[in-house]
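These notes are about the structure you will find just below.
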Amino acid sequence: MVIASTPSPDHLRLLVKVARMYHERGLRQPEIAAHLNMSQPRVSRLLKEAVDRNVVRTVVVSPDGVHAEIEEALADRYELRDAVVVDTEGTGPDVIPALAAATATYLDATLKGGDVIGISSWSATLLEAVNVMHAKTPPVAEDVVQIVGGSGSPEVQLHATRLTSRLAELTGARPVFAPSAALVGSRELRDLLSQEPAVAAVMKAWSRLTLALVGIGTLEPSPLLRRSGNAIAAEEQRQLEELGAVGDVCTRYFDAEGRAVDAPFNDRIIGITPEQLRKVDRRIGVAGGMSKLAAIRGAVRGGWINVLITDIEVAKALLNRH
C-alpha cells in the first residue's frame, strides 16, 4: 500500500476508530464493516494502514521469569540457532530440575518426525529431562543413539541405559546402545572394539544424526562420571590443564576459545568425533551453574553446540564481555 505523506485529520480519525474497534474492543472485521457501513476489504486495508502509520504498535511484554531478550542476545552473540534461559540460579545441583524441565519442554515442542537423536551417556540433567518428558504420539524419531560409550561400573550402568531407552520409548524410536566404555585402556583396544558388529553399528549411526543432545562437562569430572569409571585419571587432568582445556562435550575437550585440544587419550575414546558432531544440524547443549561458565562459553564459542539451555546467571555472564 502506498501511504500518503500527510493524511487528513479525518482520515487519521477513521484509522484510530477502526483500530480501536478491532484491537481494543475485540470486534471482528465483518462487524466493523457493518457498523461503519463499509466493505470488509476496506476495513482490512485500514487496519494495515494503521500499522504502517504507527497508529497501532505491537508490544510483546515478557512475563516475570521469561527472558526472551537475553535469549535473543545470546543467539546473536554466539551465532546460535536458539537459546533457552531458565529463571533459576545456584550451583550445578540446584539448577538441574529447572534445566531438565526446560529441556523436556523444548524437545516436546521441537522434535519432528523422522529425527535421529544422538544423546550423551553421563548427564544427570538429561536423565532428569527424559524423566519429565511426555510421550509423543505419533512417533517423532527413528532412532535414539548413544554418542559416547555407555558402559560403566554396575552401580551406575543403569543410568546410561535408562537415558537412551527412556528417550527412545517417549519418542517412539529404536534405541541404539554403545556397548563399550567411553574411555578404553589403549588405542589398540579401541580399534579392536570398533570392529565389533554392535560397536560398528552405533558408530555408523552417528553419521545419520539430525539432533544431538549433550551435557557440557568441566575439567573436574562430575560425581556420576567418576562413579561410572569413565573419568580421566588425575595425571591426564593435569595434562589437560597444561593444554588450556576448560571443558568437554562427549569426552572431547576444548579450550576457552572452543578449540579442540590434543588430549593424550583422544585415541582411546569411543565416541562421536568433533567433526561428526559439528555436522549434526541441531546440537543442543544443556548445562548451568557458574562453576560451568568457562566450559559453556568454550562450547558456544567453538560451535560444539548451536542450541543452549542454561540458567539466567550463566546467561548474563556469557553476555558480559569481560
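Tell me, what is the percent relative contact order of the chain, built from C-alpha pairs under 8 Å that lie six or more residues apart? Reported relative contact order: 19 percent.
Here is the list for the stretch 247-322: GluC sites (Glu not before Pro) lying in DSSP coil, each with at most 16 other C-beta atoms within 10 angstrom of its C-beta, are Glu257.
Here the contact order of the stretch 9-52, divided by its residue count and restricted to Cα pairs under 8 Å and six or more residues apart, works out to 41 percent. Annotation for the stretch 86-125 versus the stretch 28-76: alpha-carbon center distance of 34 Å. Count Lys and Arg as plus one, Asp and Glu as minus one, and take only other residues whose Cβ is under 10 Å from that of Glu257; the net charge is then +2. Loop-located trypsin sites (Lys or Arg not before Pro) in the stretch 276-322 (DSSP state not H, G, I, E or B) with no more than 14 neighbouring Cβ atoms inside 10 Å: Lys279, Arg321.
None of the figures in this text is laboratory data; all of them are computed from the coordinates on show. Here the structure is a predicted model, which is why all the values come from computation and not from measurement. Cβ atoms come from the backbone with ideal geometry, glycine included; neighbour counts cover every protein chain shown.
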